[in-house]
Amino acid sequence: MLSIHERGSVAHSSRVRSAWRAQLGRLGWISHGLRAGSRTWRRWARAISGRAKSKPKLFQVALSCEQYQALNEAIANWREAQEILQRMQASAAK
C-alpha cells in the first residue's frame, strides 16, 4: 500500500504527464529541418544520409513566403516537441 506522500507524488506525476500529452496534442504541424532566408530567397533544408560511409547530402527546397512562414512555425513546433519528449524521458528514467 502506498503512503500518503507516495500517493500525492503519483497523482502529481500523473497530472504532469497529462499536461505534457496535452501540450504535444496542441502543437500542430511539425518539421525536422532547417530554414534559411533573406528578403529575396527562402529555403528549407534537410540532411539526408545515404550509405553508412558516404557523407549526408543536403536536400533543399525553394519556398514561397507563405510556405516559409508555415515552416518556421512547424520547425518551432518540432523543437518544442523534442523538449517535451526529453522531459518525459527524464521523468520516466527516475
Those residues of the range 63-79 which are hydroxyl-bearing (S, T, Y) and either touching an Asp or Glu at 6+ places or on another chain (Cβ under 7 Å) or part of a helix (DSSP H, G or I) (or both) amount to Y68
Filtering the range 59-86 for residues that are surrounded by 12 or more Cβ atoms within 10 Å (Cβ to Cβ) and touching a strand residue (DSSP E or B) at 6+ places or on another chain (Cβ under 7 Å) leaves a count of 7
Write out, first by first residue and then by second, each pair whose Cβ atoms fall under 8 Å of each other, whose residues are 6+ apart or on separate chains, and whose first residue, in the range 67-94, is in contact (Cβ under 8 Å) with a residue 60 or more places away in the chain and within 17 Å of A19 (Cβ to Cβ) while the second is part of a helix (DSSP H, G or I) and not aliphatic (A, V, I, L, M). I84/W20; I84/Q23; R87/W20; M88/R17; M88/W20; S91/S13; S91/R17
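Each reported figure results from applying straightforward, stated rules to the coordinates on display, with no laboratory input. On a predicted model such as this, the values are computed, not experimentally measured, just so you know. All Cβ positions, glycine included, derive from the backbone under ideal geometry; neighbour counts span all protein chains shown.
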